[in-house]
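What follows is one structure encoded as structure tokens, with my remarks underneath.
What follows is calculated from the coordinates using simple rules that are stated; it is not laboratory data. Note that the structure is a prediction, hence the values are computed from the model and not measured. Note: ideal-geometry Cβ built from the backbone for every residue, glycine included; neighbour counts use all protein chains shown.
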Amino acid sequence: MPSGPFGRVIGVMNAVGTLWIIGLMVLINSDIFGRSFLHHPIAGVPELVAFSIVGIVFLQLAHTLRSGSMTRSDVLLNVLERRAPRARFVLLTIFHLLGGALMLIVAWKYWPSVVAAWQHPERNFMGNPGFFTIPQWPLFILVFLGIVATAIQFLLLSWNDFNSARGVRP
């Protein structure tokens, strides 16, 4: 798949997710150190870890799809690649179109949650009031952006597969 502006955007999203993982490792190890040696844990680490895992997954989802690392069974595709390459591309076109449509439906259904979290952060938070809370709207926005980026990536893959099925080089 050719790299363009969209490829760079999801590459940056993937890099941010990777840096976030490194930050989480530092936070978790600092919490362990604080618990073990200082008898004082860092407040909110479990909430931040739960918050972060979801954010990281959706930041990296489109890049995972783009790089071909998404989990799937390739048995039929491998047989078709040898026996009927065009049929393989037709099947991939349909698969990627359905994936894009599904992600767009998920984005459409998820958007009201994003708006509610943004408009009412006092009702949409993680943690324990008085101890540690984190608003959910940043996470909801990241998830929404990841869903939309993945939908776009599915549609771009579908377009490339469609052109390959027609014998046109993408």
| remark: Expected single match for closer than 15 Å to residue 149 by Cα and either buried (at least 16 other Cβ atoms within 10 Å of the Cβ) or more than 14 Å from the chain's Cα centre (by Cα) (or both) among 14, 29 is 14
| query | Does at least one position in the stretch 115-128 carry a residue that is of a type in the set (Phe, Trp, Tyr) and over 13 Å from the mean Cα position of the chain (by Cα)? | reply | yes
| note | Note on residue 88: of the conditions (1) surrounded by fewer than 18 Cβ atoms within 10 Å (Cβ to Cβ); (2) over 21 Å from residue 52 (Cα atoms); (3) without any contact (Cβ under 8 Å) to a residue 24 or more places away in the chain, unmet is (1)
